[in-house]
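J.: Before we start, here is the structure in question, set down as structure tokens.
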Amino acid sequence: MITNQQEALANVAVIGLGKIGLTIAAVFANNNYNVYGSDINKDVVATINQGKSHIVNEPGLDKLVLTAHKSKNLSATTVTAEAVTKSDIVVVIVPVLIDNQYNVDYQLIDAAVKDIASGIKKGTLVIFETTIPPGDTQHRFGKKIEELSGLRLGEDFYLAYSPERVYSNRIIEDLKKYPKVVGGVNEKSLELAVKFYKNALHCELIEVSSIETAEFSKIAECVYRDVNIALANELAQFAETKGVNMSEVIVASNSQPYSHLHTPGIGVGGHCIPIYPYFFINKGLKQGMTRLARTINDRMANYAIAKIEKELGSLTDKNILILGLSYRENVKEPTKSTTLLLMDQLTNMRSNVFVNDPLFTNEEIKSYGASPLSLQDKFVSEIDVVILQAFHDAYTDLSFEEFKNCMLVLDGRNKLNKNEISSLGITYRSIGNEKPKEEL
């Protein structure tokens, strides 16, 4: 049972062992907590119980998992209720996404909450880290646990919310660097959560007045970035009509300390920015910049294809290669990737669409409906258009000399060598960094 002596706690259940869940579980385990991880994926559980990480490209994670395994501080199971029963603290990091109609998809986390309720014992502290619409921690999940377990919220079990605020490829670093925002359903819940994170993460904490404030703060971060990127994309399109280089504008403007213009690009993807604004929109924020930003950023794929059509005309039967299935550089994550939007539109135009991504196998690329193409394949000489969507490190020294038939390169991230591409007789186009065609 939880007491004021929080330091005596040793057992923690982490529900959801994806890239963030496994990393925080491993960090907890390396900070002298006995961690019981839970995940519905049997292969993930089996891998962790062998002392191995199923997550790639997360610096330091392999070592943390192996160390925790050897010390017997980290184990995994597919039976969530079992992990919960063994634990005094339960940390929930199960994904919440949106469906094709932009409605919140609670399926996975609702199932996890039912399992938590079936295993919870009196005195347990439950902390949600999953990004969710404001009010859901207490009024959807807390009440469901209370209803199913028969325990009283805030008295028999405690409830807090502390959003994950990390970035792929640097999660361990960010857990140390970023302050941990924490809100509780009552004073006791907040007190217990704060003490736990102080011991488990050794990071700075920001205590807020309510669970809803903590929930709201995470979504607000994502909305800010989405709106800022949308502004950059809008200005980049306008800059092109005026013959102005947007990259130079950003450097110049951001030399003023109150200017924080983001970088324009071909679109916005991932688990966060294209998804979490809808948690506000679906709660009543129907008008204004939040919704407009989503529209602008999702239309960047259309804008990019229109630029190509302006140069080449019809794209029917054109061989088009997209570089990067991932939503961003150096991360194996296709969720809401702009590549998926590009593929849909180009397929409807009856283009022949190919995708290259060094982080994915050919079979994985095929599972998204794309034809994989190695950059060493002789067929690259038949490619008509190349679109850069995710600038992986593997593309840093990419040479276009073998692209004998290529007519145009659309640099969706403004990262490629324009002079080198142009010297091969290939038309180079980017986002916001070129003059109007009539002035070229």
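Coordinate-derived values only; no laboratory data. Values in this document were obtained by computation on a predicted structure and should not be read as measured data. Neighbour counts run over all protein chains shown; Cβ positions are idealised from the backbone, glycine included.
J.: Which value, to two decimals, describes the C-alpha radius of gyration of the stretch 122-245 once divided by 2.2 N^0.38 Å?
T.: In units of the 2.2 N^0.38 Å rule of thumb, it is 1.36.
J.: Please list, ordered by chain and number, the residues whose modelled amide H lies under 5 Å from the amide H of I206; skip anything fewer than 5 residues away on the same chain.
T.: Residues meeting the criterion, in which the H sits 1.01 Å from N, are K180, V181, V182.
J.: Can you find, among S423, I120, T241, the residue farthest towards the positive end of the dipole of the chain? Put +1 on the C-beta of Lys and Arg, -1 on that of Asp and Glu.
T.: Value computed over the given set: I120.
J.: Show me the trypsin sites (Lys or Arg not before Pro) within the stretch 130-209 that DSSP assigns to loop and that have at most 15 other Cβ atoms within 10 Å of their Cβ.
T.: R152, R170
J.: Restricting to the stretch 6-209, compute how many DSSP beta bridges are antiparallel as a %, nearest 5.
T.: Of all bridge pairs located within the stretch 6-209, approximately 15 percent are antiparallel.
J.: Helix-only estimate, please: 222 nm mean residue ellipticity of the chain, summing -39500 (n - 2.57) across DSSP H runs of length 4 or more and dividing by its residues, to the nearest 500.
T.: Rounded to the nearest 500, the figure is -11000 deg cm²/dmol.
J.: Additional query: Given contacts defined as C-alpha pairs under 8 Å and at least six residues apart, what's the relative contact order of the stretch 328-440, whole-number percent?
T.: 21 percent
J.: Here is a follow-up. Can you tell me, using C-alpha contacts under 8 Å and at least 6 residues apart, the relative contact order of the chain as a whole percent?
T.: 12 percent
J.: DSSP loop chymotrypsin sites (Phe, Trp or Tyr not before Pro) in the stretch 218-299 with at most 15 other Cβ atoms within 10 Å of their Cβ, which ones?
T.: Counting only loop positions with at most 15 other Cβ atoms within 10 Å, the chymotrypsin sites (Phe, Trp or Tyr not before Pro) in the stretch 218-299 are Y258.
J.: Next question, about the same structure. Could you tell me which GluC sites (Glu not before Pro) in the stretch 169-278 are loop residues by DSSP with no more than 16 other beta carbons within 10 angstrom of their beta carbon?
T.: E204
J.: May I ask which residue of Y278, S87, A252 lies farthest towards the positive end of the charge dipole of the chain, with charges of +1 (Lys, Arg) and -1 (Asp, Glu) on Cβ and the Cα centre as origin?
T.: S87
J.: In whole Å, what are the extents of the stretch 322-410 along the principal axes defined by its C-alpha atoms, from largest to smallest?
T.: Its Cα atoms span 32, 31, 23 Å along the three principal axes.
J.: Same structure, new question: In debye, nearest 20: dipole of the chain around its Cα centre with unit charges on the Cβ of K, R (+) and D, E (-)?
T.: 540 debye
J.: For a 32 Å ceiling on Cα separation, which of these pairs sit above it: K188/K286; K332/K404; K195/K286; K114/K366?
T.: Over 32 Å Cα-Cα: K188/K286; K195/K286; K114/K366.
J.: Rounded, prolate or oblate, given the Cα gyration tensor of the stretch 218-297, with a/c below 1.5 counting as rounded?
T.: prolate
J.: A further question on this structure: DSSP beta bridges in the chain, what fraction antiparallel, as a percent rounded to 5?
T.: 10 percent
J.: To the nearest 20 Debye, how big is the dipole of the stretch 218-297 about its Cα centre, given +1 on the beta carbon of each Lys and Arg and -1 on that of each Asp and Glu?
T.: 380 debye
J.: Here is a follow-up. Could the peptides 225-233, 383-391, 336-344 be put in order, highest first, of the mean number of other beta-carbon atoms found within 10 Å of their residues?
T.: Packing proxy ranking, top to bottom: 383-391, 336-344, 225-233.
J.: Given an 8 Å cut-off on Cα distances and at least 6 residues of separation, report the relative contact order of the stretch 371-419 as a percent.
T.: Contact order relative to length: 46 percent.
J.: Mind running the shape call on the stretch 281-337? Use the C-alpha gyration tensor, a ≥ b ≥ c as the square roots of the eigenvalues: rounded below 1.5 for a/c, prolate if a/b tops b/c, oblate otherwise.
T.: Note, shape of the stretch 281-337 comes out oblate.
J.: Quick check on the stretch 51-115: take the gyration tensor over C-alpha atoms, sort the square-rooted eigenvalues as a ≥ b ≥ c, and tell me if it's rounded (a/c under 1.5), prolate or oblate.
T.: The shape class here is oblate.
J.: Could you pull the Cα extents of the chain along its three principal axes, largest to smallest, in whole Å?
T.: Per principal axis, max minus min of the Cα coordinates gives 73, 45, 38 Å.
J.: Pull up the cross-link candidates among the aspartates and glutamates for K121, meaning alpha carbon to alpha carbon under 15 Å and not fewer than 8 places away within one chain.
T.: Qualifying aspartates and glutamates at Cα under 15 Å: E82, D88, E146, E147, E155, D156.
J.: Above 23 angstrom, tally the Cα pairs of the stretch 6-209 and express them as a % of all pairs, no decimals.
T.: 39 percent
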